[in-house]
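Beneath this line is the structure, given in structure tokens, with notes to follow.
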Amino acid sequence: MTSPVDYRLEGEIGVISVDHPPVNALSQAVRQGLLDAITAAQTDASKALVILCEGRTFIAGADITEFGKGPMTPYLPDVLDTIEASVKPVIAALHGTALGGGFETALAAHYRCAVESAKVGLPEVKLGLIPGAGGTQRVPRLAGAAAALDLITSGAPIDAAKALQLGLIDKIVDGDLHDAAIAWAEELVADGAPVRRSSELTVPDVEPDLFDQYRAQLSKRARGQIAPQHIVTCIEAAVNSPFAEGRAIERELFIECMQSPQSIAMRHLFFAEREAAKVAGLPKDTPLRAIDSIGIIGGGTMGGGIAMSFANAGIPVTMIEISDAALDRGLSIIDKNYAGSVKRGKLTEDAAANCRALIKGATDYAALADVDLVIEAVFEDPDLKKTVFGQLDEVCKPGAILATNTSYQDVDQIALATRRPEDVIGMHFFSPAHIMKLLEIVRGEKTADDVLATVLRLAKKIRKVPVVSGVCYGFIGNRMLRPYGKQSQLLLLEGATPEQIDNAMQDWGMAMGPLRVFDLAGLDVGYKARQALSDAMKGDPQTYRVPDLLVEMGRLGQKSGAGFYTYDDKRQPIPDPAVAEIIERAAGEFGIERRELSDEEIVDRLISALVDEGRKILDEGIAQRSGDIDVVYVYGYGFPVSRGGPMHYADSSG
Ligand code: 3H9
């Protein structure tokens, strides 16, 4: 087998190049190749060494597929020790994304240059890990402990300019990276530049309470996760101990993290997310339709958020409303959202203005005659949606994709309101649509392959995580929410309070407990939806009696200041004795004897409700694979990432 690492002399410079698609991950063969090359270079005619990569990126990290497969030598820390110990200067030349073990490789080199577009980072924490090959020890020595804490606990990559400013790279180069790196290596040789080992540096002094501050912050921001706390411990060790000791602590904690259920769950999600974008039977080379302009029907919260998602990706949007007044209202919400993004530092003023300029309004469907894709985002009323699709069929050009943002309705029925059901698809965004990552793509019975492939590609362009669902009431996510919500109502009647249920679920890791979610969404939404259902579809009255009573009292949730809780002016939920009375009354109506429930029973019953419905969704082929369901719940419903999604959780807990 040929090695993915090539070593050759170019004049006086030894060039070590890694070619291991798709992302040059540090598989055993790459580690061995690097070790062999660096060892060979110590005794040949080279005067300096350059490490660079072929393809789209510098090494993007350890090979995650090898984790959990048992030890495979050589280990990365040993390879990096050999690189750092080189008697000849080693220069790492970065492009693409130098991440995790890839960036650690660069940090073990003596000099680092990068093209301007390169990004570097230590994203291990997003996989429930800590950097395991010296990252927690070398970054603080080069950039200081505070910068290291920011970089490594967030896991967010930084661009080359920021890395230069922090001292994590030495130089940004123009033009061809290979040529520029060799030219710089020759310069260093000519100047007699010494080897520089970052492990020999001392970390600059730090504020005394820096580590405590981070621990406290992280116990809120990454509640229950072990890796972020371990990162703080390692960086503290970098400040207080010699390199070798700090690295031994890092290694021990890395292995603990790698074997932890949290990291196994987060690695599962990493691959599940990438798998979700693939559809069995949909060829990779399916031709795509060009999408250069978007139409959106409805300028409400949802329509506005969807418009921003496209504008933020540079795609022009025409938003349709029924009147000038409604349009002004919709556009002013968008203005407010952009102002908020600028205030929070998410966008510069110029970038926000450029995005905003891509969104135009109109009150006549004729404005959609030339757009490539239209997304309908009107009320959840099946007849209204069919009327809209009938009108779109009249005005849109042949080949335009017609999408509905429905959260529940039958996409096949909506498609039949047109003469081109093959062009119709569901694109279910989650509120706030410009922020939430999930996009449920609903494939209708007649949806054409190229429509599905185009929308999948488009999802990536607008930085959403797509999951494909078949047609059923509520698709994957909302369908599972129904039994979960119903179970929460049974728990209330049997003796739990709203705050006990919500706190139990939040302590377990859910972003928000079910009753607070109902209050946020508006209890009237479910109430109205139930009015349109037959008794059989509504199910057991015990599962909706309390919210019905609350709505009939005018308690519609947060928007009316009261629902399962009352809300203060900061929208904080306050337990309300009036609600406790309603619950007791309803329990009495059904002859239920109330008892004390443990938090464990609450969590168990609610998660089992999700998982049971998930199983049915899989059996019916609505979801392609259980990982897709996990991705939906983590990205759309606040399921804790460190538990890997409901199906992974169920599998791993037997
Ligand atoms: C680490 O380094 C630990 C060390 O500190 C210590 C060690 C001792 N391994 O995302 P894409 C695959 S932990 C194996 O669609 P993009 C991916 O599954 C690691 N495979 O492309 C996909 O396969 P497929 C720290 C990997 O352009 C294909 O590559 N590093 C790995 O949108 C394309 O991926 C990270 O956490 C990997 N490390 O984004 C970085 N990475 O085509 C993780 C990717 O079969 N990676 N694959 O579906 C990423 O963030 C993105 O993949 C990247 C490219 C930004 C690089």
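Each value in this text was obtained by applying a stated rule to the coordinates, not by laboratory testing. Computed from a predicted structure; not experimentally measured. Cβ sites come from the backbone with ideal geometry, for glycine too, and all protein chains shown count toward neighbours.
What are the principal axis extents of the Cα atoms in region 359-412, in Å, biggest first?
Principal axes ranked by extent give 28, 23, 17 Å for the Cα atoms.
Could you sort out which of Lys336/Lys538; Lys126/Lys346; Lys284/Lys486 sit more than 29 Å apart by Cα distance in this structure? Mind dumping the intermediate values first?
Values: Lys336/Lys538 39 Å; Lys126/Lys346 20 Å; Lys284/Lys486 41 Å.
Checking Cα-Cα distances, Lys336/Lys538; Lys284/Lys486 exceed 29 Å.
Which values of log₁₀ I(q)/I(0), to two decimal places, follow from the Debye formula for region 90-175 at q = 0.17 Å⁻¹ with a uniform point scatterer at every Cα?
Rounded to two decimals, the profile gives -0.57.
DSSP loop (so not H, G, I, E, B), at most 14 other Cβ within 10 Å: list which trypsin sites (Lys or Arg not before Pro) in region 302-373 pass both filters. Write out the running numbers ahead of the final one.
Numbers: sites: Arg329, Lys336, Lys343, Arg344, Lys346, Arg356, Lys360; in loops: Arg344, Lys346.
Passing sites in region 302-373 are Arg344, Lys346.
From the Cα gyration tensor of region 264-379, with a ≥ b ≥ c the square roots of its eigenvalues, which class applies: rounded if a/c is under 1.5, or else prolate if a/b is larger than b/c, or else oblate? Walk me through the numbers on the way to the answer.
Details: a/c = 2.16, a/b = 1.37, b/c = 1.58.
Verdict is oblate for region 264-379.
So what is the 222 nm mean residue ellipticity for the chain from helices alone, if each DSSP H run of at least 4 adds -39500 (n - 2.57) and you divide by all residues, rounding to the nearest 500 deg cm²/dmol?
Working: 27 runs with 314 residues, N = 654.
The helix contribution divided over the chain gives -15000 deg cm²/dmol.
Counting other beta carbons within 10 Å of each Cβ, put Val279, Val388, Val203 in order, fewest first.
Numbers: Val279 17, Val388 23, Val203 20.
Ascending Cβ contact count within 10 Å gives the list Val279, Val203, Val388.
Nearest-5 percent of antiparallel DSSP beta bridges in region 5-259? Each step should come with its number before you reach the end.
On the way: 8 of 28 bridges.
Counting only bridges with both partners in region 5-259, antiparallel ones make up about 30 percent.
On a full-extension model of 0.36 nm per residue, what is the gain between Glu116 and Glu245, subtracting their alpha-carbon distance, rounded to one decimal in nm?
Numbers: separation 129, 0.36 × 129 = 46.44 nm, distance 3.49 nm.
Additional length available on full extension: 42.9 nm.
Can you check how the C-alpha radius of gyration of the chain compares to 2.2 N^0.38 Å, as a plain ratio? Show your work: numbers first, answer last.
Numbers: Rg = 27.9 Å, N = 654, 2.2 N^0.38 = 25.8 Å.
After normalising by residue count via 2.2 N^0.38 Å, the value is 1.08.
For q = 0.11, 0.12, 0.13, 0.14 Å⁻¹, what log10 I(q)/I(0) does region 5-259 give under the Debye formula with an equal point scatterer on each alpha carbon and no solvent?
Calculated log10 I(q)/I(0) at the listed q: -0.54, -0.64, -0.75, -0.88.
Over the alpha-carbon set of region 319-376, divide Rg by the Kirkwood Rh and report the Rg/Rh ratio to two decimals.
Values: Rg = 13.1 Å, Rh = 12.6 Å.
Here the Rg-to-Rh quotient is 1.04.
Which whole-number percent gives the relative contact order of the chain, counting Cα pairs below 8 Å spaced six or more residues apart?
Values: 1242 pairs, mean separation 63.3, N = 654.
Dividing the mean separation by the residue count of the chain yields 10 percent.
Note down, for region 294-469, the three equivalent ellipsoid semi-axes (square root of 5 times each alpha carbon gyration tensor eigenvalue), biggest first, whole angstrom. Show your work: numbers first, answer last.
Details: eigenvalues 128, 64, 38 Å².
Here the semi-axes work out to 25, 18, 14 Å.
Rounded to the nearest 5, what % of the DSSP beta bridges within the chain are antiparallel ones?
Details: 17 of 61 bridges.
Here the antiparallel bridges make up roughly 30 percent for the chain.
Find, to one decimal place in angstroms, the Kirkwood hydrodynamic radius of region 1-77, where the mean of 1/r is taken over every pair of different Cα atoms and then inverted. Don't jump to the answer; show the numbers that get you there.
Working: mean 1/r = 0.0770 Å⁻¹.
Result for region 1-77, one decimal place: 13.0 Å.
Of all trypsin sites (Lys or Arg not before Pro) in region 4-89, which ones are in loop regions per DSSP and have a Cβ with at most 13 other Cβ atoms within 10 Å? Each step should come with its number before you reach the end.
On the way: sites: Arg8, Arg31, Lys47, Arg56, Lys69; in loops: Lys47, Arg56, Lys69.
Here the trypsin sites (Lys or Arg not before Pro) that fit, given the DSSP loop and packing criteria, are Arg56, Lys69.
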